[in-house]
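Below is one structure; the comments refer to it alone.
Bear in mind these aren't lab numbers, they're just calculated from the coordinates by the rules spelled out. Quick caveat, the model's predicted, so the values are computed rather than measured. Positions of Cβ are backbone-derived with ideal geometry, glycine not excepted, and every protein chain shown enters the neighbour counts.
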Amino acid sequence: MSNENELVQLGSLRANEFLKEIGYEPIESIKNEAIHLIEHRLNNTTPTNEIPQENKEVDKNEQIDQQQNEQKQQNKQNQQETQQQEIQPQKEKKLQIEIEKFDKDLENLLDENINYIKDDNVTEEEDYEEKEEEEMTTNNLNKKNKKQEIEEERKKALMSEKTNIDRKKWFSKLMKMEPELRDLRERIDPISRTETFSDIYGINKDDEREKKLQNYALQFIMQHLMSMGYVQSKRKLVKQTGIKYTPRYLLNSRLQTIVRVALREIDPIWDYTISKNTNENLKQNNTNFDYTNHFHNLGLFGDEDENKEDLKSIWEDESEKIVYTEDKKNVKASSLNNLIILLTHETENNPNFIKTFLMTYQSFTTPKILLYKLFERYHVPKMSELNEEEYKKKRQCIQLRVCVVIRLLITNGINDFPPKLIKDLMYFITHALPEDGNSKLAENLKNLIIRKLENSKVSIQTSKIVDPPEPKVPKNIFSPNLSFFDIDEEEIARQLTLIEFEIYSKIRPPELLNLAWSKSKLKHRAPNVINFIKRFNEVSQWAATIILKKKKLRERARTISWFLRIADHLRKLNNFNGVMSIISGLKCAAIHRLKYSFEEISKKYLDINENLSSELSSQASYSKYRNSLRQVNPPCIPYLGTYLTDLTFIEEGNNDLTNGLINFTKRRLCFDVIFEIQNFQHLGYNLQPVQQIRNFLENFKILDENTMYSISLKLEPRKARRDEII
């Protein structure tokens, strides 16, 4: 670069290009930085024997003559020094002229790009005026003389040249001085977010790995966008970055998987998914942010980290990773791919294995991975060891077995599929199956999905051979003064049973896996189990609350007897869970210590209390209760606590993996427990609901344990004599 004017032009063009790139209105710091850069370049590149020209259109012959004259005067040192002293004021003056010209260029840039940075609320009149200005500008440009056209060509030439001017200095300073602009850029541009994470973790920007790391991060982002169905966003990102993305079919979002691992290993990473402004607002307002729900909504909770086996194609995995029990009847451990191969084997058919797998698969994989693995299994590749006829036969058998498994998934687990997964399943059924001549099968599966989605409620059978018994409704059922004691104990037991069975029948197998009901990160998977436990506790506290509201000793005794009659009717209805909730309420600390109240109860009800307590005793792992449960016929509501205890022992006493393979023996033990729970869900009670009584039983008020114990101490103080109790 040989003269100052070209540097000025270059600075102006680079500034224009930068402003257009970031889409942000110019600030004073950008202009100052450009001026500083021009001065720096002038001082470093202008030779001492070169005289700056005032006019840009100096004739080439004059330049040659001037250079020849300067060469002849090289020996005249004194004249050259005098000439330099005369040039210096001219140089400063011309620099000032170029700076003023640069200011005008920036102002023109604003006029030209007003539509790009304008606010969205510009009126139609302003748009019309701007169009007129643009037309006037176009006319003026057409009237430019040849000298200006030459100048434009020179600008284009300058733009195409490789220079040493570093725009990153302008950019980095702008980002530091304008944090709001930097935050906006990071939220819009995924690459910027990657750079910020690189800064956080101290990655050296001069390292050759930087570009590779950015490419890896962008590949993760693109794969995540594809897995979430944001195809247009992925295409825009590919166009923006120029990085080609090769789709990895049948994979979950790897980006989500990485963040899930980070959530378990690194606590500070939690803050990175929430903006700084959000954190500051929460601190100022002293708000307790619910991270669990936040991460669940982002799709970061609910699924444990995936096994590396998930990354392998089911047809590329050549390992024989299946371990059988000693009798060779059951699978002891295996890889995910081989479990799915066994699930859809063309010759072997093990119904117990299929049931166990479909009921427990969500403890070691996800519905999405399973479904995509089944898609992989359906597309049977060519096999060199088979001739054409053998290949077609094997292919047809495998495809039919895959369709059978998909049908079972739709029938029993369509509610476990998110909407996007159902959409993918419908696409597979309506496209892949007809292509292989399975159009009729595709139509049947499609109709099955539609029916299941339309009738999402759990269907419960009831005995229709006998009409339901007539409800025992009190005469004052519609009275605003209706109380619990106006209602017959048997009818209360019936309505309690209907309420509890309604919750019990909704419990799904995935809710009982991985101790989901007891883990904060997995509780969203077990809503019905949690509701059932909550209902159990409410009934127990309700019984204790009603008893403690009675101020007189004999009233408390009659109330205890009243609840024992309800418990006896619950036992006759095979509602073991309801019986246990009443007995638990009578045995809580606040009630159990009321010895004078229990002394007033007749022997008949004391015997009922003793028999029910003995049958539901926890001794010998609830052996008496388990024997009674085996002898009853549905309908029945078992005590869920025993099953949850069994599942806890199985979960904590057995590893998920055995030598890197899925421990399928553990899943078979879980299946036995869950299958027993399901057996009592199919047949419901042939009872008639009474809405007024249900409202009473669903909206009762209860006291907390501390309040109940305080009231109990007042009713029967410690070491008080019988004659001191009212």
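Select from the range 567-605 those chymotrypsin sites (Phe, Trp or Tyr not before Pro) which occupy a DSSP coil region and have at most 13 other Cβ atoms within 10 Å, ordered by residue number.
Answer by residue number: there is no such site.
Can you give the FRET efficiency for E610 and N633, using 1/(1 + (r/R0)^6), R0 = 45 Å, r = Cβ-Cβ distance, to the nearest 0.05?
Calculated value: 0.95.
Which whole-number percent is the relative contact order of the range 438-570 (Cα, under 8 Å, 6+ apart)?
About 22 percent, as a whole number.
Quick one: length gained pulling K624 to E348 fully straight, 0.36 nm per residue minus the C-alpha distance?
This chain segment gains 95.3 nm when fully extended.
Check which residues have an amide H placed less than 5 Å from N663's amide H, if you skip close sequence neighbours.
For N663, whose amide H was placed from the backbone, the distant partners under 5 Å are L657, T658.
In the range 518-587, what trypsin sites (Lys or Arg not before Pro) fall in a loop by DSSP, with at most 14 other Cβ atoms inside 10 Å?
When the trypsin sites (Lys or Arg not before Pro) of the range 518-587 are filtered for loop state and at most 14 Cβ neighbours within 10 Å, K519, K549, K551, K552, K587 remain.
Roughly speaking, what is the stretch gain from K176 to S617, that is 0.36 nm per residue apart minus the C-alpha to C-alpha distance, in nm to one decimal?
151.8 nm
From the phi of every residue in the range 397-407, what ³J(HN,Hα) in whole Hz does the Karplus formula 6.51 cos²θ - 1.76 cosθ + 1.60 yield, where θ is phi - 60° and glycine or proline is x?
Once rounded to whole Hz, the list reads 4, 5, 5, 5, 5, 4, 5, 5, 5, 4, 5.
Mean projection of the alpha-carbon convex hull of the range 360-433 over all orientations, in nm²?
That works out to 5.6 nm².
For E555 and E724, what does the FRET efficiency come to when R0 = 22 Å and r is the distance between their Cβ atoms, rounded to the nearest 0.05?
According to the calculation, E is roughly 0.80.
Suppose R0 equals 45 Å; then what is the FRET efficiency for V323 and K420 from their Cβ-Cβ distance, rounded to the nearest 0.05?
That gives a FRET efficiency of 0.80.
Starting from 0.36 nm per residue, how many nanometres of slack lie between Y427 and V473 once their C-alpha separation is accounted for?
11.2 nm
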